[in-house]
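Undergrad: There's a structure below that I have some questions on.
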Amino acid sequence: MNDLKRSLSEAAAAAFQAAGLSPDFGRVTASDRPDLADFQCNGALAAAKSAKRNPREIAVQVVEQLKADPRLASVEIAGVGFINMRVSPSALAERADQIAADDRAGAVLLSEPRRVLVDYAGPNVAKPMHVGHLRASIIGESIKRLYRFRGDTVVGDAHFGDWGFQMGLLITAVMDEDAFIAALMAKLPDAPRDFTAADEAKVRAEFAGRVTLADLDRLYPAAAARAKEDVEYRDRARKATADLQNGRFGYRLLWKHFVEVSRVALEREFHALGVDFDLWKGESDADPLIAPMVRQLEDKGLLVEDQGARIVRVARPGETKKKKLPDGSVIEVESPDPLLVVSSEGSAMYGTTDLATILDRRQSFDPHLILYCVDQRQADHFEQVFRAAYLAGYAQPGGLEHIGFGTMNGADGKPFKTRAGGVLKLHDLIEMAREKARERLREAGLGSELSPEAFEETAHKVGVAALKFADLQNFRGTSYVFDLDRFTSFEGKTGPYLLYQTVRIKSILRKAADQAAQAGPVIVAEPAERDLTLLLDGFEGALSEAYDKKAPNFVAEHAYKLAQGFSKFYAACPILGADDAAVRASRLTLAQTALKQLELALDLLGVETPERM
Ligand code: ARG
């Protein structure tokens, strides 16, 4: 079922055609002067330009046609040729009834669904997550849900960072600290001939007793810092990385332990944030594909030797940038930089695993589109990978897209850090938000009738909603400032405000159920009923815009306006207090429908609503 904007666009397109003009001029949008009209069409102006005619004259012709449309209560020309439309109360009521009867609350399904893979979150083994990962998780989760809801077959993959230099760093750091493990590693360059599953379990149990998550958290930052200063140390870590990737047996066992320990903890934290993946694959899963891929790139003539490393040049002839050399002179170099495929130590790099992962995904899922929901700061990396993939024929041009985003900043305008100056831990961030939410609930006198467990659950939902909504309400490219006080407020454009409104509708509906009030056909009489119906009709438009632009803020905006619209409606139009039974029934339907749509929209943002507050 089409929304009013779409069906009126069709009517306007037909009217333009009847006037001998292109139907493309018939695009109808929501009016930017709701006091004057519900919808508007500016096509006469563009049509006049291309036909070299007077816009008003064209508008008159189009309006003549549209006047016959029974859904329109009025069609008028404003200014130089804008066409203003008001929808009749009966057409609005009919549309509201459709939305009320629809499980999807008025959202249509795509006519040509695709297979889409969303690569998001991208946490790393042992490396603490930074705000980029938080945003990637929140935005990626929402895009995954939105694409799926509109009918695409969607797979969300965490693309765990488990294969790079940080693994070599950790192996080096653990061996330096633990002589027992170092000795074991020396004994196990290759798999002993009769090494059984039981032997492996024994070794792994030994690791479990010696290397905990807390150890990894402690060792990694220290090792990373040391590698920056200490060349010998860095070379050892590089060598360990290459050895691991080349299959050194003991390293692989130790690595498996690191991966498992990190993964269990991360999955739990993501789950608490309401972020769940269909696939938890890692960079390492692409490893078996790397050697054949390198051969293939060679055969295709794409791989070039460069100072001991092997690269793919991705810049087209003439694409250059200026580069300043240490001596101060400036030279022109190719741009984008080439993709580094094999390092001089023989290691696979970040770009290598990304390229091979495209092959892996093609074999397993054959997606039409892969969306990489990753920090904008990695734009150059993805440009290199995508170009290399297109050159090698691993993906169709346009089949790979980087969904970049800005940063969440601290009050100093720089990417957010904890008070101690460190990167934030997801766990701590959620706890901070939850604590603030408890405070806010108490302050507002909410949740006092809840059991302690239910109160905790509500506080958790309020805290997570605060974080997610604060992020998603901005266009993803925009950076924003972390301000937990503002995010958790029950007033303004916040997650908690939306939850509060949702809970309020739920409570109204509970009361209606207690009184056995029956919902019935919608009657649109009061301005607030009209406004609410138009808002409900706008759901599909918001979803398709969010989908096309890969930008959940359009869904967030819709949810916010709808919550506000309901609030105004409820203030102006008593539901259970309405005198007339038909009016009461109609308003009950509007309230139920608003709730259904609000919950759907919030779910697409990854926000869960409590029953009570
Ligand atoms: N692990 C990476 C990082 O922390 C992000 C991974 C993003 N996805 C990808 N396919 N490269 O920077």
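Undergrad: Probe radius 1.4 Å, ligands and nucleic acids ignored: give me the carbon and sulfur share of the accessible area of the stretch 351-468 as a rounded percent.
TA: 50
Undergrad: Expressed in nm to one decimal, what extension gain is obtained for the pair residue 443 and residue 366 from 0.36 nm per residue of sequence separation less their Cα-Cα distance?
TA: Here the answer is 22.5 nm.
Undergrad: Follow-up question, since we're still on this one. Need one number: nm distance between label points at residue 190 and residue 54, each 7 Å from Cα along Cα→Cβ, rounded to one decimal.
TA: 9.3
Undergrad: Return the Rg/Rh value of the stretch 337-473, two decimal places, where both radii are evaluated on C-alpha atoms and Rh is the Kirkwood radius.
TA: 1.15
Undergrad: Need one word for the stretch 219-272: rounded, prolate or oblate. Basis is the Cα gyration tensor (sqrt eigenvalues a ≥ b ≥ c); a/c below 1.5 gives rounded, then a/b vs b/c decides.
TA: Oblate, since a/c reaches 1.5 and b/c is not below a/b.
Undergrad: May I pose another question? Could you give the dipole magnitude of the stretch 190-302 about its Cα centre, charging the beta-carbon of Lys and Arg +1 and that of Asp and Glu -1, in debye to the nearest 20?
TA: Value, rounded to 20: 260 debye.
Undergrad: Among 9, 40, 315, whose Cα sits farthest toward the positive end of the charge dipole of the chain (+1 at Cβ of Lys/Arg, -1 at Cβ of Asp/Glu, about the Cα centre)?
TA: 40
Undergrad: Continuing with this model, one more query. If the chain between residue 249 and residue 483 were fully stretched, how many nm would it gain, using 0.36 nm times the residue separation less the Cα-Cα distance? Before the final figure, lay out each step's value.
TA: Numbers: separation 234, 0.36 × 234 = 84.24 nm, distance 4.77 nm.
The residue 249-residue 483 span can extend by a further 79.5 nm.
Undergrad: For the stretch 1-92, what log10 I(q)/I(0) values come out of the Debye formula at q = 0.10, 0.12, 0.21 1/Å, with one point per alpha carbon and no solvent?
TA: Normalising to I(0) and taking log10 leaves -0.21, -0.30, -0.94.
Undergrad: Using θ = phi - 60° and the Karplus curve 6.51 cos²θ - 1.76 cosθ + 1.60, what whole-Hz ³J(HN,Hα) does each residue of the stretch 191-200 get, with Gly and Pro shown as x?
TA: 5, x, 4, 10, 6, 9, 4, 5, 4, 4
Undergrad: Report, to one decimal in Å, the Kirkwood hydrodynamic radius for the stretch 280-345 based on all distinct Cα pairs.
TA: Numbers: mean 1/r = 0.0716 Å⁻¹.
It works out to 14.0 Å.
Undergrad: Same structure, new question: When the helix-only estimate is applied to the chain (DSSP H runs of n ≥ 4, each -39,500 (n - 2.57), divided by the residue count), what is the mean residue ellipticity at 222 nm, nearest 500 deg cm²/dmol?
TA: Result for the chain, helices only: -17500 deg cm²/dmol.
Undergrad: Tell me, what is the FRET efficiency for residue 176 and residue 208 to the nearest 0.05, using R0 = 25 angstrom and their Cβ-Cβ distance as r? Can you show the working numbers first?
TA: On the way: r = 20 Å, r/R0 = 0.78.
The formula returns an efficiency of 0.80 here.
Undergrad: In the chain, if the dipole is taken from +1 on Lys/Arg beta carbons and -1 on Asp/Glu beta carbons about the Cα centre, which of 459, 519, 473 is farthest to the positive end?
TA: About the Cα centre, the residue reaching furthest to the positive side is 473.
Undergrad: Which residue, 169, 81, 126, has the largest displacement toward the positive end of the dipole of the chain when charges sit on each Cβ (Lys, Arg +1; Asp, Glu -1)?
TA: With unit charges placed on the Cβ atoms, the residue in question is 81.
Undergrad: Provide the net charge surrounding residue 318, with neighbours chosen by a C-beta distance below 11 Å and charges set as Lys +1, Arg +1, Asp -1, Glu -1.
TA: Local charge sum for residue 318: -2.
Undergrad: Under a plain spin-label model, where a point goes 7 Å from the Cα along Cα-to-Cβ, how far apart in nm are residue 323 and residue 200?
TA: Going from the residue 323 label point to the residue 200 one covers 4.3 nm.
Undergrad: Subtract the Cα-Cα distance of residue 276 and residue 456 from 0.36 nm times their separation in residues, and report this length gain in nm to one decimal.
TA: Fully extending the segment from residue 276 to residue 456 adds 62.7 nm.
Undergrad: Sticking with this one: So, in Å, what gap is there between the alpha-carbon centers of the stretch 59-110 and the stretch 175-233?
TA: Result: 68 Å between the Cα centres.
Undergrad: Okay, next question. Of all accessible surface on the stretch 86-150 at a 1.4 Å probe, what whole percent is carbon and sulfur?
TA: Here it works out to 49 percent.
Undergrad: Also, I was wondering about something else. At a Förster radius of 35 Å, what calculated FRET efficiency corresponds to the Cβ-Cβ distance of residue 414 and residue 333, to the nearest 0.05?
TA: 0.75
Undergrad: Tally the DSSP beta bridges in the chain and give the antiparallel ones as a percent, rounded to 5.
TA: 60
Undergrad: May I ask you to give the solvent-accessible area per residue for the stretch 438-573, in square angstrom, as obtained with a 1.4 angstrom probe?
TA: 41
Undergrad: Can you work out ³J(HN,Hα) from phi for every residue in the stretch 21-31, in order, using Karplus 6.51 cos²θ - 1.76 cosθ + 1.60 and θ = phi - 60°, giving whole Hz and x for Gly and Pro?
TA: Listing the rounded values in order: 10, 5, x, 4, 6, x, 5, 10, 10, 4, 5 Hz.
Undergrad: Just order 233-246, 436-449 by mean Cβ neighbour count inside 10 Å, highest at the front, would you? Could the numbers behind the result be given before it?
TA: Working: 233-246: 19.6, 436-449: 16.6.
Ranking, from highest mean packing down: 233-246, 436-449.
Undergrad: Using amide H atoms built 1.01 Å from N in the peptide plane, name the residues 5+ places from residue 407, or on other chains, whose amide H lies under 5 Å from its own.
TA: HN-HN under 5 Å from residue 407: 479, 480.
Undergrad: Under 5 Å between amide H atoms, partner at least 5 residues away or on a different chain: which partners does residue 28 have, H built in plane at 1.01 Å?
TA: So residue 28 has HN proximity to 9.
Undergrad: A further question follows. Between residue 431 and residue 603, what FRET efficiency follows from the Cβ-Cβ distance if R0 is 25 Å, with the result rounded to 0.05? Each step should come with its number before you reach the end.
TA: Details: r = 24 Å, r/R0 = 0.96.
Calculated transfer efficiency: 0.55.
Undergrad: Starting from the eigenvalues of the Cα gyration tensor, five times each then square-rooted, give me the equivalent ellipsoid semi-axes of the chain, largest first, whole Å.
TA: That gives 53, 33, 20 Å for the three semi-axes.
Undergrad: Now a separate question. Where in the stretch 337-368 does the label zone of residue 383 land, with the point 7 angstrom along Cα→C-beta and an amide N cut-off under 12 Å?
TA: From the stretch 337-368, the list is 337-338.
Undergrad: Another one. Give me, ordered by chain and number, the residues 5 or more places off residue 72 or on other chains with an amide H under 5 Å from its own placed amide H.
TA: 88
Undergrad: Give me the percent of Cα-Cα pairs in the stretch 498-549 that sit more than 18 Å apart, rounded to a whole number. Show your work: numbers first, answer last.
TA: Numbers: 781 of 1326 pairs.
Percent of Cα pairs beyond 18 Å in the stretch 498-549: 59.
Undergrad: While we're here: When ligands, DNA and RNA are left out and all protein chains stay put, how many square angstrom of accessible area per residue does the stretch 1-61 have with a 1.4 Å probe?
TA: I get 54 Å² per residue for this part.
Undergrad: Let me ask something else. Compute the distance in nm between two label points, each set 7 Å from the Cα along the Cα-to-Cβ direction, one at residue 235 and one at residue 222.
TA: For the pair residue 235/residue 222, the computed spacing is 2.4 nm.
Undergrad: Shifting gears a bit: Whole-Hz ³J(HN,Hα) for each residue in the stretch 146-153, computed from phi via Karplus 6.51 cos²θ - 1.76 cosθ + 1.60 with θ = phi - 60°, x for glycine and proline: what do you get?
TA: 3J(HN,Hα) across the stretch 146-153, in whole Hz: 5, 5, 5, 4, 7, x, 6, 8.
The values are calculated or read from the model by the stated rules, or taken from the named source; none is laboratory data. Because the structure is a prediction, the values reported are computed rather than measured. We place every Cβ from the backbone using ideal geometry, glycine too, and count neighbours over all the protein chains shown. In case anyone asks, the SASA skips ligands and DNA or RNA and just uses the protein heavy atoms, side chains included. Shrake-Rupley method; radii C 1.70, N 1.55, O 1.52, S 1.80 Å.
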